[in-house]
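The next block holds one structure in the form of structure tokens; read it before the comments.
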Amino acid sequence: MAGASLYEKGNASRDCISNGATCFGRITQVYPEERMCEIKTFGAPGPLNDLSLKVQWLTSDANPDGDESSTIPRTDSICAVTFIGGEGFIIGFLKPIGPTGSAANPNEDSDQEELNEGDKVIKTVGKNKIIMRASGEIQIECTRANKRTYFPQRNLTADLCQNYEYRCDAGTTDWGNVDENDEQLLTIKREEFRDDAERTNIIMEESGTVDADDPTLMYRRQFGAGIEGTEIGKIVHKTTIKKDGETNVFVSAPDAKSGLNFNVKPTGEAELVVGDPAGDKKMSAHVMPTGETTFNIGPDKAKVNIKPSGETTIDVGPGKSTITIKPSGEIEVKTSTRVQVTSPEINLNKKMSGITTEASHQSVIDFISGVPVMPSQTVFSDV
């Protein structure tokens with residue numbers, strides 16, 4: 001049967017391929033959608049050498065329903081091929097032995113992983129990888145600057161990245177560069193918290209370079225309504241903190257300019273404003289680092305100033321009426337109009353009261369009318 005044709009059992013080539021023969025192959029083309037590839041066989045004597053075949057690669061798991069555990073090979077990969085019933089199958093892949101007798105990558109640019117006994121690795125030509133080390137450490141790496149590592153010690157998870165994004169129904173987190181083309185590599189962290197998945201009401205919190213027009217600003221938090229995209233509108237609360245620590249809180253009706261504004265500077269100076277902080281201030285309370293405090297109503301309808309010494313000045317209708325109370329007990333009243341006091345009784349304890357009383361103005365004659373001055377029946381002095 002030595003002269004049997006390829007289609008007869010006695011053909012040497014057919015018998016060789018049909019009886020579980022093996023050889024090496026080099027992948028020349030890959031068909032990922034078919035889960036097949038073309039190979040060129042080599043390294044075998046006789047009919048197995050230099051065959052061009054379209055074959056499958058064997059996997060650890062596969063099913064006609066679509067579930068599988070597989071790796072799509074690349075062109076020029078070296079494989080081991082076996083034949084079952086004349087059909088070729090790739091049973092594995094290998095690295096060629098180099099001149100030094102090692103299967104390590106001969107090219108230093110290949111960036112071969114340093115592994116230890118018992119380690120397991122999955123790595124692509126893009127140099128992303130998953131390494132499970134025998135020590136218990138798990139490393140998932142996209143690039144050297146973008147990876148996650150799990151350490152069995154302290155059950156620690158460590159992340160390294162330049163930009164980070166997180167999305168869920170309850171909110172989002174964005175953390176990274178403001179503009180990757182910027183030489184300064186300015187950074188920002190922006191988080192959004194929602195009361196429902198529709199973003200009806202949200203809290204937007206930003207840290208870092210939150211406003212390119214104001215480089216002094218380091219932190220901003222706003223409460224309002226979620227609008228299209230990632231924006232916020234109808235703001236009812238806004239808190240900002242500058243790099244030097246200056247803090248400002250503004251609460252108002254949705255997007256209104258007037259409300260309650262509170263500002264604190266790192267020196268200790270503070271101001272509370274009801275109204276428009278940049279315009280019509282209905283009321284303001286201003287505290288200086290020394291403790292001096294000023295209340296302003298109107299604005300400028302009435303002012304109260306309290307100095308650290310305790311001296312207090314009340315100024316109503318500036319320039320109209322002023323009352324000054326000093327720590328010594330002295331009270332000074334200045335007014336540009338009539339002073340009217342309504343009281344059933346006033347008791348003055350000073351000899352020089354300036355008010356006609358029985359004790360202070362006995363037998364006083366009016367120099368115009370010549371009539372004795374009658375003492376007040378409602379103002380008294382005990383001297």
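The values are calculated or read from the model by the stated rules, or taken from the named source; none is laboratory data. Quantities reported herein were computed from a predicted structural model and do not represent experimental measurements. Glycine gets a Cβ as well: all are built from the backbone with ideal geometry, and neighbour counts include every protein chain shown.
If you take the residues in the stretch 318-335 that are over 15 Å from T294 (Cα atoms) and in contact with a Lys or Arg (Cβ under 8 Å, 6 or more places away or on another chain), which one is surrounded by the fewest Cβ atoms within 10 Å (Cβ to Cβ)?
Checked the stretch 318-335; the qualifying residue surrounded by the fewest Cβ atoms within 10 Å (Cβ to Cβ) is E332.
With the stretch 60-129 as the region, which strands (runs of 3 or more DSSP E) entirely inside it contain at least 2 residues that are in the same structural domain as C37 (by TED's automatic domain parsing)?
Result: 78-84, 87-94.
Out of the stretch 130-173, which residues are in a strand (DSSP E or B), among the polar types (S, T, N, Q) and loosely packed, with under 13 Cβ neighbours inside 10 Å?
Correct list: T143, T157.
Determine the pairs where a residue that is farther than 16 Å from E34 by Cβ, located within the stretch 48-67, has a partner that is part of a loop (DSSP other than H, G, I, E, B) with Cβ atoms under 8 Å apart, the partner being 6 or more residues away or on another chain.
These pairs meet every condition: N49/G43; S60/S70; D61/D67; D61/S70.
If only one of T290, T216, T240, T267 is β-branched (V, I, T) and in contact with a Leu (Cβ under 9 Å, 6 or more places away or on another chain), which one is it?
T240
Answer yes or no as to whether T173 is under 29 Å from D300 (Cβ atoms) and polar (S, T, N, Q).
No; evaluated as a whole, the condition is false for this residue.
What are the pairs, 6+ residues apart or on separate chains, where a residue within the stretch 210-229 that is touching a residue at least 40 places away in the same chain (Cβ under 8 Å) and under 13 Å from L186 (Cα atoms) has its Cβ under 7 Å from a residue that is exposed (fewer than 12 other Cβ atoms within 10 Å of the Cβ) and among the hydroxyl-bearing types (S, T, Y)?
none
Residue check, Q139 against (1) at pLDDT 95 or above; (2) farther than 30 Å from K120 by Cβ, all met but one. Which one?
Unmet condition: (2).
Determine whether the stretch 235-258 contains at least one residue that is more than 30 Å from D174 (Cβ to Cβ) and either in contact with an Asp or Glu (Cβ under 7 Å, 6 or more places away or on another chain) or not assigned by TED's automatic domain parsing to the domain that holds R194 (or both).
The answer is yes, given that some residue of the stretch 235-258 is more than 30 Å from D174 (Cβ to Cβ) and either in contact with an Asp or Glu (Cβ under 7 Å, 6 or more places away or on another chain) or not assigned by TED's automatic domain parsing to the domain that holds R194 (or both).
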